[in-house]
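The values are calculated or read from the model by the stated rules, or taken from the named source; none is laboratory data. What you see is a predicted model, and the numbers here were worked out from it, not measured in a lab. Ideal geometry is used to build each Cβ from the backbone, glycine not excepted, and the neighbour counts take in all protein chains shown.
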Amino acid sequence: MLKKERSSPRLVAGLLQLFILGLAGFTAFALVVRADNVLPQRRVQRDAQHLAQQEADTGLPAPRSTWLLSRLALLPNLWRQKTLVGVVIENHQTARPFQQGLSQALLVQEYFVEGMITRFVALYDVNNLPDTIGPIRSLRPYFLDAALPYTALIIHAGGSPEALERAAANTKIEAVNALRYDGSLFYRDEEAPAPHDLFTTAEGVEDILSGAVLRSVAWPPYSTGGAFGGEPATTIAVDFRSAVHDVTYTYGAWSRTYTRMNGNTKTPATPSNVIVLTMPILGIGEHGRLELGAVGTGDMLLFRSGLAYQGTYRKAAEDAPFEFFDTEGNPLMLAAGQTWITVVEDISRVSWE
């Protein structure tokens, strides 16, 4: 009995030491992973620029030694932070067979352009860029509304006068016109029909990012978790009033994702969430260019896990993300994985079974 009493403190002390060593090892591992994977060289360069600017503004040396301590306090949030870049991708029927890079987008937003053809704003994690992205196409004003909540940089190829003017005046986002770098950071695919033949590579995007001022956002920007309630919906149809443009989604129970068919072309993406939003067309301008009411509220449908949910959405400002609510005003829970948002002018365009 006496021997057991003497060994007990040693056991407790040993366990305490193991706990402390484990905690220290986890902290060191977390910082190394963060530094290697989420703080690439371009972010280190940006931090250096920030420190230099701070010294220039104050005339005092920047407190570099506090960098690590300031981030230790934020460690639980670091795992949710991502730095994103937006790319405008064409969806004309002749461009669809050549689409590349959509499968790795975290979020794809699909909007009408002139002729009621759709175009995508795809958002990528800068640390997980596709080898090839495209075809890259021109900017519209509401594409800026789509990108602003999530990124400080969007890549496009030309744009409407209104979009280019608004982009030039907006200090919250940099719009990089690929036409200025045609033949260097961007290239033409000879097999794709013009003007749907402009592409870039991961290396090309990284070159652009190296000189850009980026920002990180909490990702995902919505709650994710299990599916509760809803009604069965394994097949979804979005009516674009043309067999060439109509979209169908088929849910795969094994993968828990949706296969997307656009006309007769299979889209190279498998979203876990399919969201349809109603957004008013406020006017049609020169060359049939649309004016969309991107800021505001409207009806929405969420499809996830083979289920359908009806509700409403809200976008409070141009740089505010979409918020999704059920019919009782509670936040909707999305599935983990890629989210695909399609904007229509009337929710009656969507059916499911």
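Key figures
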item: Index of the failed condition, L292 passing every other in (1) under 23 Å from E231 (Cα atoms); (2) surrounded by 15 or more Cβ atoms within 10 Å (Cβ to Cβ); result: (1)
item: Selected residue (criterion: surrounded by the fewest Cβ atoms within 10 Å (Cβ to Cβ)) from residues of segment 147-176 that are assigned to a loop (DSSP other than H, G, I, E, B) and over 16 Å from the mean Cα position of the chain (by Cα); result: T171
item: Test: residue in segment 121-132 that is within 20 Å of F186 (Cβ to Cβ), more than 16 Å from the chain's Cα centre (by Cα) and in a strand (DSSP E or B); result: yes
item: Flag for M300 being on the phi < 0 side of the Ramachandran plot, among the hydrophobic types (A, V, I, L, M, F, W, C), surrounded by fewer than 20 Cβ atoms within 10 Å (Cβ to Cβ) and not in a loop (DSSP other than H, G, I, E, B); result: no
item: Out of E191, E174, sole residue that is more than 20 Å from D319 (Cβ to Cβ) and at pLDDT 95 or above; result: E191
item: From the options A253, A269, A243, residue that is surrounded by fewer than 20 Cβ atoms within 10 Å (Cβ to Cβ) and at pLDDT 95 or above; result: A253
item: Criterion (touching a strand residue (DSSP E or B) at 6+ places or on another chain (Cβ under 7 Å), more than 17 Å from E174 (Cβ to Cβ) and modelled with pLDDT under 95) met by exactly one of R96, R80; result: R80
item: Those residues of segment 304-341 which are within 18 Å of the chain's Cα centre (by Cα), crowded, with 19+ Cβ neighbours inside 10 Å and assigned to a strand (DSSP E or B), in sequence order; result: R304, Y313, K315, F324, L334, T339, W340, I341
item: Among the residues listed as F112, F120, the single one being over 19 Å from G211 (Cβ atoms), modelled with pLDDT under 95 and crowded, with 20+ Cβ neighbours inside 10 Å; result: F112
item: Residues of segment 238-248 that turn out to be more than 14 Å from K266 (Cα to Cα) and not in a loop (DSSP other than H, G, I, E, B), as a count; result: 1
item: Subset of segment 85-107 [crowded, with 23+ Cβ neighbours inside 10 Å and assigned to a strand (DSSP E or B)]; result: V85, G86, V87, V88, I89, E90, L107
